[in-house]
Every structure is written in structure tokens, then in C-alpha cells.
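First up is the structure itself, then whatever we jot down about it.
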Amino acid sequence: MGKGFQVQDRFAGGAQYIGGRLRPGTSGHHQDVVDPATGRTVLRYELAGTDDVDAAVAAAREAFPGWSGLSPAGRSEALHRLAAVLAARAEDFAYAESLQCGKPVKLSTEFDVPGTVDNTSFFAGAARHLEGRSAAEYSGDHTSYVRREALGVVGSIAPWNYPLQMAAWKILPAVAAGNTIVLKPAEITPLTSLMFAQAATEAGIPDGVINIVSGAGREAGEHLVSHPDVVMTSFTGSTAVGKRVAALATSTVKRLHLELGGKAPFLVFDDADLDAAVNGAVAGSLINTGQDCTAATRAYVQRPLYDAFVSGVATLMESVRLGDPFAPSTDLGPLISRQQRDRVAGFVDRARAYATVVTGGEAPGGELADGAYYRPTLITGAAQDSEIVTSEIFGPVLVVLPFDTDDEGIRLANDTPYGLAASAWSTGLYRANRATREIRAGCVWINDHIPIISEMPHGGYGASGFGKDMSSYSFEEYTQVKHVMYDNTAVAVKDWHRTVFGDR
């Protein structure tokens, strides 16, 4: 892939996008955007402060009446234009995403960017289908109907693992429904969120509809969530931070949408296609270097297939190619930072005291030593209540445990506070259907793990949060339902008035 632009030049105006233009932050603190494959700083910028958040919210508030008052067809046309701009800039987006995250270019090119373009096209169509319930005379004397109306200014916070897609997941349903938005991306990965907002301006979306504040969570993020002019907060990130966001949002009685952590089970019954399960486990656990809340992290394998599954996964993991994210042959890139790599390594090193590291479990040396790389890691022999099984590691680590009966397998799969995603592997219709009914997760895949589509919702149970991204179901988060009721009698004194004055 050609390097289509110089990052320093592209963001010379600053890393805040407010009211349709780039501007510098005003916090007095600076942040480096680091290429995790090399440790090289690619951009240094001034972080957003509270004044920048205030300016962004003011711009969004000013833009709201015009944008929400635009017809659904008008918003739809604008989003269709945005999809076209994103598609035309696909190479630049893929380059920037791989640069700031360390994603293999084949992942950013084949998954992140086309997925974002497809999301945009989907919401361009969905903008025209914000329908309420059909009119009816439920009381006999009145006609009722339901309107779906935009909320106002949405303040959203996106994570660093999928900066482009998560920005799109936050922005698109909000603006398709007629809201305006201030998005805070992770301060270490702001590039593609800023580019998305620039593309929206190029597509003719009015200034102030989409604003980006690149700042630290403690200052910019908390001020955004607490802002009195922000009527809704959508947050994707860890469960621990989600609790803090919820507390701040509750203090100002905001609408709240949370997509939090996960510890996805990968349940393999003894009638599963073994080759399919092995391939699915490696792909599902290593996607985005394991930095995915829906990644397969806990494989439960029925005992007749257990040994063959472990052997097959170990062999396939050892064939995965680590390397330069921009090399077409690279399968696995670095983790987001050396700090995250060391965190993952800590989990694995502690697990050596009570489990077996079958393969991986180390950072590579040589030409990859300067990057935040960690080898694909397979662990067996851990107890169900051990840290490596229960905690979200967010790295290329898969733990495999055996089970005997179907009841035990489903019980183990559900033995977690999380409930974002899961998969079950079986050639039996009854087993597969039972898994979809009984596994408590927002998404249950059968004989696959990871694929998502714009038309279907994404969101979890329990400690994985609540509310939905993508699909028309996301409009439940970003619209207010209003009941409108018309009197049909033209009678001045209604029968029910006697409960307040007079007699029948």
C-alpha cells in the first residue's frame, strides 16, 4: 500500500474538529500518536481541554435545529454522499488506521474500511424509515400515533481498538435520526475519526453536525459526559470505565448507551466439524490481535474432541505470520502499545504457575523487538475460576478447557458476568438451537465466530452493557418516542371531567 499522505501535514491545523474545521486543543497538554509496530511517533498534538468540549457542544447545539428539521430524505442523501466520499478515500483511511493501530493492512482494507462504508450506506437508507406506530383509535374518542424525534446533542466516547468503525457506529445512527454529535475518540488513535468528520464536511453535511474532540478521558471525556447541554452519552470501552461514565451520566439524567467488555465463550460439541472449529478458534481469537470485545477467549471443548482441538489450534497458531502491518503477507500486527503488550504478558506469565502455555507466551525479538508484538498464545489446564479464564485480557490469548455433558458446557459458557458474544459449534440442529436459546449473550454465532453485518444489532447482556449499535434497533437509543393524541369528539365537557367536577 502506498503511503498516501503525511500525517503531520494532514493535521497541521490541530486534532480537534469543531464547527467544520480543524483547530488545536487548548489543554496545554500534548499527546503522541505512536505507530505500535515501530514505536515511532507519527503525530504530536495538543489535547482538547474543557473549553474545546464546550465549543464543540455549542457548535452541535447550534447545528441541531437545522439538521433535525431536515427531511429524512435530506439526511439520507447527505449520508449517501458521505458513503461515496469514504469509498473514494478508502486507501487513505486504511493507511491511517493501520498506522495508528498496527492493524495488518489486509484487515483494515478488507474489514474496517469497507465495513464503515457499508454502515454509512445502511444508515443512509435507514434514515428514511424512522416510523412510529400507525394511527388508531385506542380510547374510542381519540386518535393516537407515535412520533420518533431526535434527542439533541449526543456526546459519545469511542475506544482505540477499532477507531474508524467505532466512530461510525456512534456517529451514523445519531445523525441519521436527526441528532448532532460530539465524539471523543481515544486520544492515542484520533486520526480516522478526524478524517471521518472531514469527509462528512466534504459530503455537504452542515458544520457542527459532527464534531471531534481529541482529549484525555479524565478531562475532555468526563466534561463531555457531564455537560448540561449533552442529552445522551454513548460509550464503548471497559466495564470499569463504563461504570464511571454511568455515574456521571446519571447525575445529569442523560440517556445512556454502554457497550463494554466481553469474555466470549467458544463452545465445541463432540459432533462439531473439527477442522472448522480449529480454524474458527484461531481466527476468532486472533482478530485484531485479540483486541476485540467479541474475540473468542474461552474455548470449551467436549472431551472426545479436546486433544485433537488443542493440537490443531497450536499448529495453526504457530503458522500465523507476525510482521510489518503494511506487508500484504502479515497476518498479525502488534498490540496497540508496549504497555498493552506488557499487560497481556503479565496475564500469561502469572498463568504459568497454574496452567500450561502450549504455544506462544512471549514477545518476538529480532526486527520486531521495537514494536508491541506478542505471539499467538494457547493455554490449557487452567481452572474455571482462574484469572486467565475470568478476566478480559484483550490480547492474542486463547484458553481451552474440556467439558463432558452438554449441560456442563452451556453452564461453563454462561459462567461469566459478561454477555457480549459467544459461539457454538455443532452439526446437530437441536444442539445448535439449544445453544442459541440458553447462552446469555447479545450475539450467538453457530459454526462461526466474529462476522457482523450492518442490518443486525450489536450489544450485550450483564457487565457487557446495554443498548444496541448498528441496525435499525440502534434508533431505540438515539430517538425519543412521543405519543400524540387528538380528540375526535369536539365535545367541550368530556365524560371523564366528572372525576374532577360535576356529576354524570
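The values are calculated or read from the model by the stated rules, or taken from the named source; none is laboratory data. Small disclaimer: the values here were computed from a predicted structure and weren't measured. Glycine also receives a Cβ, built like all others from the backbone with ideal geometry; neighbour counts cover every protein chain displayed.
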>> Return the residues of the range 319-367 that are in a helix (DSSP H, G or I) and either acidic (Asp, Glu) or closer than 21 Å to Asp32 by Cα (or both); say none if nothing qualifies.
In response: Arg338, Gln339, Gln340, Arg341, Asp342, Arg343, Asp349, Glu367
> When the range 461-493 is examined, which residues are found to be part of a loop (DSSP other than H, G, I, E, B) and surrounded by 11 or more Cβ atoms within 10 Å (Cβ to Cβ)?
Replying inline: Ala463, Ser464, Gly467, Lys468, Met470, Ser471, Asn488
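What strands (runs of 3 or more DSSP E) lie completely within the range 2-100 and have 1 or more residues being over 22 Å from the mean Cα position of the chain (by Cα), at pLDDT 95 or above and acidic (Asp, Glu)? First the steps, then the outcome.
Working: elements: 16-18, 21-23, 30-35, 40-46.
Once the strands (runs of 3 or more DSSP E) in the range 2-100 are filtered for at least 1 residues that are over 22 Å from the mean Cα position of the chain (by Cα), at pLDDT 95 or above and acidic (Asp, Glu), what remains is 30-35, 40-46.
More than 23 Å from Phe309 (Cα to Cα) and either hydrophobic (A, V, I, L, M, F, W, C) or not assigned by TED's automatic domain parsing to the domain that holds Lys243 (or both), is that true of Asp342?
Values: more than 23 Å from Phe309 (Cα to Cα): yes; either hydrophobic (A, V, I, L, M, F, W, C) or not assigned by TED's automatic domain parsing to the domain that holds Lys243 (or both): yes.
It is true that Asp342 is more than 23 Å from Phe309 (Cα to Cα) and either hydrophobic (A, V, I, L, M, F, W, C) or not assigned by TED's automatic domain parsing to the domain that holds Lys243 (or both).
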> So Phe501 clears everything in (1) surrounded by fewer than 16 Cβ atoms within 10 Å (Cβ to Cβ); (2) aromatic (Phe, Trp, Tyr); (3) closer than 26 Å to Gly152 by Cα except one condition, right? Which one?
Replying inline: (3)
> What single numbered condition from (1) in contact (Cβ under 8 Å) with a residue 24 or more places away in the chain; (2) part of a helix (DSSP H, G or I) fails to hold for Thr189?
Replying inline: (2)
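How many residues does the range 144-169 contain that are under 21 Å from Gly14 (Cβ atoms) and under 14 Å from the mean Cα position of the chain (by Cα)?
At the first step, the residues of the range 144-169 found to be under 21 Å from Gly14 (Cβ atoms) are 155-158, 160, 163-164, 167.
Still in the list and also under 14 Å from the mean Cα position of the chain (by Cα): 156-158, 160, 163-164, 167.
Result for the range 144-169: 7.
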> Which one of the conditions (1) assigned to a loop (DSSP other than H, G, I, E, B); (2) crowded, with 21+ Cβ neighbours inside 10 Å does Phe123 fail to meet, given that it meets all the rest?
Replying inline: (1)
>> Going by what's in this entry, would Ser108 be described as modelled with pLDDT of 95 or more, in the same structural domain as Gly39 (by TED's automatic domain parsing), assigned to a strand (DSSP E or B) and touching a Phe, Trp or Tyr at 6+ places or on another chain (Cβ under 8 Å)?
In response: no
>> Give me the residue from the range 248-260 that is in contact with a Gly (Cβ under 7 Å, 6 or more places away or on another chain) and of a type in the set (A, V, I, L, M, F, W, C) and, out of that set, surrounded by the fewest Cβ atoms within 10 Å (Cβ to Cβ).
In response: Leu258
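Taking the range 282-308 as the region of interest, how many residues are buried (at least 22 other Cβ atoms within 10 Å of the Cβ), hydrophobic (A, V, I, L, M, F, W, C) and either outside any loop (DSSP other than H, G, I, E, B) or in contact with a His (Cβ under 7 Å, 6 or more places away or on another chain) (or both)?
Narrowing the range 282-308 to residues buried (at least 22 other Cβ atoms within 10 Å of the Cβ): 282, 284-286, 288-291, 293-302.
Among the residues that remain, those that are also hydrophobic (A, V, I, L, M, F, W, C) are: 282, 286, 293, 295-296, 299, 301.
If we keep only those that are either outside any loop (DSSP other than H, G, I, E, B) or in contact with a His (Cβ under 7 Å, 6 or more places away or on another chain) (or both) too, we end up with 282, 286, 296, 299, 301.
Qualifying residue count for the region: 5.
If I ask for residues that are touching a helix residue (DSSP H, G or I) at 6+ places or on another chain (Cβ under 8 Å) and either surrounded by fewer than 22 Cβ atoms within 10 Å (Cβ to Cβ) or over 30 Å from Glu408 (Cβ atoms) (or both), which ones from the range 310-330 would you list? Step through it out loud before you land on a result.
Just the residues of the range 310-330 that are touching a helix residue (DSSP H, G or I) at 6+ places or on another chain (Cβ under 8 Å), to begin with: 312-313, 316-317, 320, 322-323, 325-328, 330.
Of everything in the range 310-330, those that are touching a helix residue (DSSP H, G or I) at 6+ places or on another chain (Cβ under 8 Å) and either surrounded by fewer than 22 Cβ atoms within 10 Å (Cβ to Cβ) or over 30 Å from Glu408 (Cβ atoms) (or both) turn out to be Gly312, Leu316, Val320, Leu322, Gly323, Pro325, Phe326, Ala327, Pro328, Thr330.
Let's see how each residue does on (1) charged (D, E, K, R); (2) touching a residue at least 60 places away in the same chain (Cβ under 8 Å); (3) surrounded by fewer than 24 Cβ atoms within 10 Å (Cβ to Cβ); (4) outside any helix (DSSP H, G or I):
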site	(1), (2), (3), (4)
Ser156	no, yes, no, yes
Val175	no, yes, no, no
Gln198	no, yes, yes, no
Ala220	no, yes, no, no
Lys243	yes, no, yes, no
Ala246	no, no, yes, no
> Taking into account only those residues within the range 16-53 that are closer than 21 Å to Ala63 by Cβ and hydrophobic (A, V, I, L, M, F, W, C), which is surrounded by the fewest Cβ atoms within 10 Å (Cβ to Cβ)?
Replying inline: Leu22
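For (1) touching a Gly at 6+ places or on another chain (Cβ under 7 Å); (2) assigned to a loop (DSSP other than H, G, I, E, B); (3) closer than 21 Å to Ala220 by Cβ; (4) free of Cβ contacts under 8 Å to residues at least 40 places away in the same chain, each residue gets a yes or a no:
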position	(1), (2), (3), (4)
Arg133	no, yes, no, yes
Glu149	no, no, no, no
Pro159	yes, yes, yes, no
Leu183	no, no, yes, yes
